[in-house]
1. Extending each Cα 7 Å along its Cβ direction at W218 and K2, get the distance between those two points in nm, one decimal.
2. Using a Gaussian network model of the chain whose springs link C-alpha atoms within less than 10 Å, name the residue from S19, S70, S210 with the highest mean-square fluctuation.
3. What is the gain in length, in nm to one decimal, between E150 and S41 on full extension, counting 0.36 nm per residue of separation less the C-alpha to C-alpha distance?
4. Compute, for the range 2-120, the length of the dipole vector about the Cα centre, with Cβ point charges of +1 (Lys, Arg) and -1 (Asp, Glu) only. Units Debye, rounded to 20.
5. Based only on Cα atoms, what Rg/Rh ratio does the range 129-224 have, Rh being taken as Kirkwood's radius?
6. Taking amide H positions as placed 1.01 Å from N in the peptide plane, with prolines and chain starts having none, which residues 5 or more places from Y97, or on another chain, fall under 5 Å of its amide H?
7. Can you pull out the GluC sites (Glu not before Pro) in the range 1-94 that DSSP calls coil and that have at most 11 other Cβ atoms within 10 Å?
8. With θ set to phi - 60°, apply the Karplus curve 6.51 cos²θ - 1.76 cosθ + 1.60 along the range 28-38 and write out the HN-Hα couplings as whole Hz, x wherever there is a Gly or Pro.
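Laboratory data are not the source of any read-out in this text; all were calculated from the coordinates shown. Just so we're clear, the structure is a prediction, and the values are computed from it rather than from any experiment. Counting neighbours? That spans all protein chains shown, and the Cβs are built from the backbone with ideal geometry, glycine included.
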Amino acid sequence: MKVLIVDDELLLIKGLKYSMEQDNYEVDSALDGNEALKKMSSQEYDIIILDLILPEMDGLEVCQKIREKSNVPILILTAKDEDMNKILGLEYGADDYMTKPFNILELKARMKAILRRTKGYNQKSNEQTIVVDDFVINALGRKVSLNGKEINLTAKEFDLLLLLATNPGKVYSREELLEIIWGYEYFGDLRTVDVHVRRLREKIENKSESYEYILTKWGVGYYFRNKQ
């Protein structure tokens, strides 16, 4: 797996690079957002570790620009207690976040959880293409189209849609979604689920009407309803 670390702290990059290479990751690095975007234009990465505090271009802008062209998983790093930046990072398409300082073992556990779901979430499925109403979900290719138009989803958005759409009518609590989609290694809060559901709705729902695909069971959680 190839990792791109985007951070302006050379000591942190050096430490992460050494630790990750022990687990056979191929590690590349960039000291600012412009360098990261240039590298992504010529190389492919399996996951991006992105600090939010960067020179010239902040991490949120970098995250947004990456999402305009790629669905590569992004794990953002934030300073302690910057709750709004965590939420904004998820809004801009990040898959997970961690606060500094962090435990390297936890970071690697989260990376593995993200990569496991991105690369192999559907390996147990015998169906490569799933059709649900007007959705065509390519489980192995991790692509979704609605009414013939492809929808650009992040890794977590895809996982959420696949889970809900293939279990129509089943209500999942936010706690269940955290456990299933993010994994037991995930230590985030329930707002993470709400942010991802909101972003997914923005991409697949009719913005002028009430929701028709992903519905809320008040006080319980979320579920997918087939069109009648």
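1. Result: 5.0 nm between the two label points.
2. With Cα springs under 10 Å in the chain, the top fluctuation among S19, S70, S210 is at S210.
3. Extra length available between E150 and S41 comes to 37.1 nm.
4. 540 debye
5. 0.94
6. Excluding prolines and chain starts, which carry no amide H, the hits are I76.
7. Numbers: sites: E9, E21, E26, E35, E44, E56, E61, E68, E82, E91; in loops: E9, E44, E56, E68, E82.
Those that pass, being in a loop and sparsely packed, are E44, E68.
8. In residue order, the calculated couplings are 10, 9, 9, 8, 8, x, 4, 5, 4, 5, 5 Hz.
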